[in-house]
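J.: Following this message is one structure expressed as structure tokens.
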Amino acid sequence: MGKRYGFKQDGDKFVLSINNHEEIMSVLAEFCQDLGILCGEVSGLGAVNTATLRFLNPETKRYVDKTFDEQMEISSLGGNISAKDGKVYLHVHVNLGRSDYSVIGGHLLCCTINGACELIVTRFHCQVDRRLDE
């Protein structure tokens, strides 16, 4: 099985091209793990045909997940890369444009590329560890 992505590097910046029909968050985590990136930021654009977003209900402290199965454009994707229990931890938000030009957005749990996806990953030379904050 070949790589699910390709990339170009310029110092601490990477242009990450994820293969069509791959799931973005798992490939991004794999890329960061492969290159030892445990602190940084990510931004990007692309097209997807399914996405699951999360919304944290502050009263219940539980996430509510909703899946959208339709062709959408990633109009904005941004987030950070850190470590939790020694592994890559991604915190990513996304805005997705629909065919009627409305936009949905929220915390990105997962989404599948249908077209293309290019991300810019910037590596930081520090460590930020995540922990649960009740």
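J.: Using a 1.4 Å probe and counting only protein heavy atoms, arrange TYR5, TYR63, TYR101 so the residue with the most accessible area comes first. Mind showing how you got there, number by number?
T.: Working: TYR5 20, TYR63 110, TYR101 205 Å².
Per-residue accessible area, sorted high to low, gives TYR101, TYR63, TYR5.
J.: If you don't mind, there's one more thing I want to ask. Lys/Arg Cβ at +1, Asp/Glu Cβ at -1, dipole of the stretch 18-70 taken about the Cα centre: which of ASN19, PHE68, PHE31 is farthest positive-ward?
T.: Of ASN19, PHE68, PHE31, it is PHE68.
J.: About the Cα centre of the stretch 57-132, what is the dipole size in debye to 20, counting +1 per Lys and Arg Cβ and -1 per Asp and Glu Cβ, all else neutral? It would help to have the intermediate numbers written out before the result.
T.: Details: 9 positive and 9 negative charges, 97 e Å.
Value, rounded to 20: 460 debye.
J.: Could you look at the chain and say what percent of its accessible area is carbon and sulfur, using a 1.4 Å probe and all protein chains?
T.: On the way: 4040 of 8000 Å².
Of all accessible area on the chain, carbon and sulfur atoms account for 50 percent.
J.: Something else: Calculate one ³J(HN,Hα) per residue across the stretch 112-126 by plugging θ = phi - 60° into the Karplus curve 6.51 cos²θ - 1.76 cosθ + 1.60, and present them in order as whole Hz with x for glycine and proline.
T.: The phi angles translate into 10, 5, 9, x, 7, 7, 10, 10, 10, 10, 10, 8, 9, 9, 8 Hz.
J.: Kindly give the semi-axes, whole Å and largest first, of the ellipsoid equivalent to the stretch 1-78, taking each as the square root of 5 times a Cα gyration tensor eigenvalue. Present the calculation step by step, with values, prior to reporting the outcome.
T.: Numbers: eigenvalues 130, 59, 29 Å².
They are 25, 17, 12 Å, listed largest first.
J.: Could you list which residues have their amide H under 5 Å from that of ASN19, counting only those 5 or more apart in sequence or on another chain, with H placed in the peptide plane?
T.: Hits under the 5 Å cutoff: TYR5, GLY6.
J.: Heavy atoms of the protein only, probe of 1.4 Å, neighbouring chains included. What is the accessible area of HIS21 in Å², nearest 10?
T.: Here the residue's solvent-accessible area equals roughly 120 Å².
J.: Considering lysine pairs in the chain that are 8 or more places apart or on different chains, how many have Cα atoms under 27 Å apart?
T.: Within the chain, the lysine pair count is 11.
J.: Kindly report the accessible area of the chain per residue (heavy atoms of protein chains, probe 1.4 Å, no ligands, DNA or RNA), in Å².
T.: Accessible surface, normalised per residue, equals 60 Å².
J.: Which entry is the computed Cα extents along the principal axes in Å for this structure: [x] 49, 32, 26; [y] 73, 37, 24; [z] 41, 38, 26?
T.: Computing Cα extents along the principal axes in Å and matching it to [x] 49, 32, 26; [y] 73, 37, 24; [z] 41, 38, 26 gives [z].
J.: Something else: Under the rule of at least 5 residues apart or a separate chain, name every residue whose amide H is placed under 5 Å from the amide H of SER76.
T.: ASN95
J.: May I pose another question? Run the dipole for the stretch 1-128 about the Cα centre, Lys and Arg Cβ at +1, Asp and Glu Cβ at -1, nothing else charged, and hand back the magnitude in debye, nearest 20.
T.: Numbers: 12 positive and 15 negative charges, 61 e Å.
In debye, rounded to 20, the stretch 1-128 gives about 300.
J.: Within the set of other residues whose C-beta is less than 13 Å from the C-beta of GLU30, count the net charge using Lys and Arg as +1 and Asp and Glu as -1. Display every interim value, and only then the final one.
T.: Details: positive: LYS3, ARG4, LYS87; negative: GLU22, GLU23, ASP34.
That sum, taken over residues with Cβ under 13 Å, equals 0.
J.: How large is the charge dipole for the stretch 1-72, taken about the Cα centre, if only the Cβ atoms of Lys, Arg (+1) and Asp, Glu (-1) carry charge, to the nearest 20 debye? Don't jump to the answer; show the numbers that get you there.
T.: Details: 8 positive and 11 negative charges, 19 e Å.
In debye, rounded to 20, the stretch 1-72 gives about 80.
The values are calculated or read from the model by the stated rules, or taken from the named source; none is laboratory data. What you see is a predicted model, and the numbers here were worked out from it, not measured in a lab. Quick reminder, even Gly has a Cβ in these numbers, built from the backbone with ideal geometry, and neighbours come from all protein chains shown. To get the accessible areas, we keep the full protein, side chains included, count just its heavy atoms, and leave off ligands, DNA and RNA. Shrake-Rupley method; radii C 1.70, N 1.55, O 1.52, S 1.80 Å.
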